[in-house]
Structure formats: C-alpha cells, structure tokens
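Report on one structure; see the data block that follows.
The values are calculated or read from the model by the stated rules, or taken from the named source; none is laboratory data. These figures come from a predicted structure and were not determined experimentally. FYI the Cβ positions are ideal-geometry reconstructions off the backbone, even for glycines, and counts take in every protein chain you see. Areas reflect the complete protein model, heavy atoms only, side chains present, ligands, DNA and RNA absent. Shrake-Rupley method; radii C 1.70, N 1.55, O 1.52, S 1.80 Å.
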Amino acid sequence: MDRYRSRRQKMVDSQLRSRGIRNVEVLRAMEKIPRHLFIDEGLLDRSYSDGPLPIGERQTISQPYMVALMTEALALQGGEKVLEIGTGSGYQTAILAELADRVLSIERFASLATKARKALESLNYYNVLIRVGDGTYGWTEEAPFDAIIVTAGAPDVPEPLKKQLAPKGRLVIPVGDRHVQTLLRFTRLSEDPGDIRTEDLGGCRFVDLIGEYGWKG
Ligand code: SAM
C-alpha cells in the first residue's frame, strides 16, 4: 500500500486542478506516479509540496504544477516519440513515459542520469532511453520528434531543436534571462520549417540550460 497516495491526491486537487490543469490523462498520470521515489531521502517529507526541490549537482526537480502545465501543453495522444532535454530526477520523464509511446531524454550530469534511470527502472518504464550529453544539440539520429520539452531556461530556442521537430510537432521551452523566463510553445504547422505558431504560456523560473545553444557555463 502506497502511504503517499493521499498526499498525491491532495497535490493533484489543490495544486493542479485548482490552477486550471484539465487534461485528464495528465491528472491521472500525476495521481499515479510516486514523486517521492524521485526525491532524496532527507527531503521525503516534502515530496508532494508545492515547489521545486534540490536533487544534487545544484539542480532541481520542478514544481508539480510546472510539470503538469508543460506536459499538458504537449497535447500528447499516446503514439508520440518525445524528446526531453534535462532529465533531472526523471520524474517528468516518467509522466511522459505514461502518456507517449517513447521518450528519449538527455541530461548533462551523469550522476543525475544514473539516479533517474534507477528510479524509472524500479517503476518498470521500459519505453525510456536516457543519454548523457549536451541536449541543446538534440538527438539527431532519433529525429524527428512529435514533441520536445526543455526543462531548463534558455536564452533562445536552440536551432537544432527547431529542426528536429516533426510537422504538427510541439516544442515547449522556457526562454528568457538567467532569472526569469517565459514558457513558450512552438507548433510546427506544416512541412515548411518556417511555418511555426508561437504561444506564450506565462512566466516561469528554471535552472539554466547550459550548452552550445544555451548559456555558456
Ligand atoms: N524535469 C526534471 C525533473 O522533473 O526532475 C527537472 C529538470 S531540472 C529543472 C533541469 C535539468 O536540465 C538539470 O538536471 C540540468 O542538469 C539539465 N540540463 C541543463 N542544461 C542541459 C543540457 N544542455 N543538456 C542536458 N541537460 C541539461
């Protein structure tokens, strides 16, 4: 019996539904996935709190609401191949693995990738592949992607990610300065790579996207 179940239920009601998350599949996934399995032992008590938490390497697991908002924005139907940049704890990866066909995720810290792989394996997510590297290059061999999610703040949209988006694909990314960003959704409307709709999903605050097409160290 999962003793965290009621806390999870409360998180979904008071942090997600109450703030307008409506996608039933996203709500169901967040009600199901044990966030506490992605949290360091000393912080277990705060596993379902309304904010980000440290995960090591000066990085964070994102606020549950932000995970829900970004996932909802991807509008997943179940058959997608998804690229995630910034695996972190692997919690967002697990949500994506519930809602899509395959998830490819890139993390720059090997230590975080190792921990995330372990947590995902313990939950039997076998449709996930995590690689260590600079995600701002994307994952050329596996492109194109139906959905791309970047879970770190970028100065601008990395050009390779735009190129690796499939027609009708959605790219969700925080863009701004190193303190505050705007969550943007890009939808590629047709075969023409320039035919892109951009939407502003509101303000947010993320750790830096560090890499060739991100911030420099
Ligand atoms: N979604 C994650 C979760 O639920 O735990 C939180 C991710 S955390 C806010 C951002 C992550 O992006 C960090 O783990 C960081 O190391 C990673 N990151 C930053 N720049 C990166 C890059 N160029 N390539 C891959 N990962 C990167």
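Can you give the direction-averaged projected area of the convex hull of the alpha-carbon atoms in the range 2-204, in nm²?
Working: hull surface 42.2 nm².
Over every viewing direction, the Cα hull of the range 2-204 projects on average to 10.6 nm².
Compute the distance in nm between two label points, each set 7 Å from the Cα along the Cα-to-Cβ direction, one at Asp192 and one at Asp134.
Using points 7 Å along Cα→Cβ, the separation is 3.3 nm.
Could you let me know the centre-to-centre spacing of the range 180-217 and the range 9-47, using Cα atoms, in angstrom?
The range 180-217 and the range 9-47 have Cα centres separated by 25 Å.
Given points 7 Å out from each Cα along the Cα-Cβ axis, report the Glu141 to Trp215 separation in nanometres with one decimal.
Placing both labels 7 Å beyond Cα along the Cβ direction yields 3.1 nm.
Using 0.36 nm per residue, how much length does the chain from Leu201 to Glu57 gain when fully extended, once their Cα-Cα distance is taken away?
Details: separation 144, 0.36 × 144 = 51.84 nm, distance 2.82 nm.
Full extension from Leu201 to Glu57 adds 49.0 nm.
Arrange the residues Lys162, Lys118 by how much accessible surface each exposes, largest first, with a 1.4 angstrom probe. Spell out each step's value before the answer.
Values: Lys162 70, Lys118 140 Å².
Ranking Lys162, Lys118 by accessible area, largest first, yields Lys118, Lys162.
So if each residue of separation counts as 0.36 nm, and I subtract the Cα-Cα distance between Ala110 and Lys168, what length gain in nm does that give?
On the way: separation 58, 0.36 × 58 = 20.88 nm, distance 3.24 nm.
Net length gain for the segment: 17.6 nm.
Compute the accessible area per residue over the chain, keeping the other protein chains in place, probe 1.4 Å, unit Å². Please report the intermediate quantities before stating the final value.
Numbers: 10120 Å² over 217 residues.
Per-residue value: 47 Å².
Normalising by the residue count of the chain, find the relative contact order in percent from Cα pairs under 8 Å and 6+ residues apart. Before the final figure, lay out the partial values.
Values: 451 pairs, mean separation 31.3, N = 217.
Once normalised by length, the contact order is 14 percent.
Going down the table (Lys118/Lys162; Lys10/Lys168; Lys32/Lys216), which pairs top 32 Å between alpha carbons? Mind showing how you got there, number by number?
Details: Lys118/Lys162 30 Å; Lys10/Lys168 35 Å; Lys32/Lys216 37 Å.
Too far apart for the 32 Å limit: Lys10/Lys168; Lys32/Lys216.
Give me the percent of accessible area attributable to carbon and sulfur for the range 149-203, probe 1.4 angstrom.
Values: 1250 of 2500 Å².
Whole-percent figure for carbon plus sulfur exposure: 50.
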